[in-house]
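One structure is given here, and the rest of the page talks about it.
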C-alpha cells in the first residue's frame, strides 16, 4: 500500500477525523514531535479555519506518526512528478510541489471530500482484492468500509478500553468535549495514556479495522 493511502487510512482511524476535516489539513497543522494534529476545520465552521489555540487537538500514537512521516518523505517528490506531467488545477495553474495541503489534489490544490472518498475507495478496494483468497469475510468488509466507519471504529476502541466518557467526547471533538478542561482535570499524561491504551496496532494492510470484532454493521 502506498504511503499516501496508508497515512490517511491510519490517520482517520487513529483520530476519528471526518472526510472534510482530513482534506482541510495543512502540513502546518501537524506537530509530530508532540504527536498532535490540530483540527482547525471542525464540523460546524464551514470553510473557516479556527485559530490554532481554539482547534480540536487530535492525539497521535507512534504508528500514526510513522505513517504520516512516511507520506511526508515522499509527498514533495510526488507533487514534483505531477508538475512535470503538466497537471493543471481549477484555475489552469500548474501543479504546485510546495502546496500547503497535507493531501492536495494532483494540481497541489485543496482536495474536495468526494475526491477523498474516491481515494479511500481505491485503497480499500485494493485491500479487498489483496486478501480475497486468504480471508473472504475480511475482504468483503474492506469492500464496503468507509471513512465514517473508521470514525466508528475509533469510538469503539475507546469505549471497549473503558475510556472515561469526557475523555472520549474530547478526543472525538464532540461539542460537549473540551480538551483544555480535560487536561486540567486529568492531566495531559493521563489523557494520552488512555488514548494509547485504546489504540490497536493496525499493521500494513489495516486488517484490524474491518476484523469481525470491529464490525461496522
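Label zone of residue 66 (point 7 Å out along Cα→Cβ, amide N under 20 Å): in the stretch 1-24 this covers 1-16. Over the C-alpha atoms of the stretch 3-214, the Rg to Rh ratio, Rh being the Kirkwood estimate, stands at 0.97.
Taking a point 7 Å from the Cα of residue 181 along the Cα-to-Cβ direction, the residues of the stretch 132-170 with backbone N closer than 12 Å to it are 166-167, 169-170.
Mind ranking 52-64, 141-153, 26-38 by how tightly packed they are, going by the mean number of other C-beta atoms within 10 angstrom, highest first? Before the final figure, lay out each step's value.
On the way: 52-64: 17.8, 141-153: 19.7, 26-38: 16.2.
Per-residue mean Cβ counts within 10 Å order the peptides as 141-153, 52-64, 26-38.
Taking 7 Å steps out from each Cα toward its Cβ at residue 118 and residue 74 produces label points 2.0 nm apart.
Where a number appears in this text, it was derived from the coordinates with a stated rule and is not lab data. These figures come from a predicted structure and were not determined experimentally. A quick note on method: Cβ atoms are made from the backbone with ideal geometry, for glycine too, and the neighbour counts reach across all protein chains shown.
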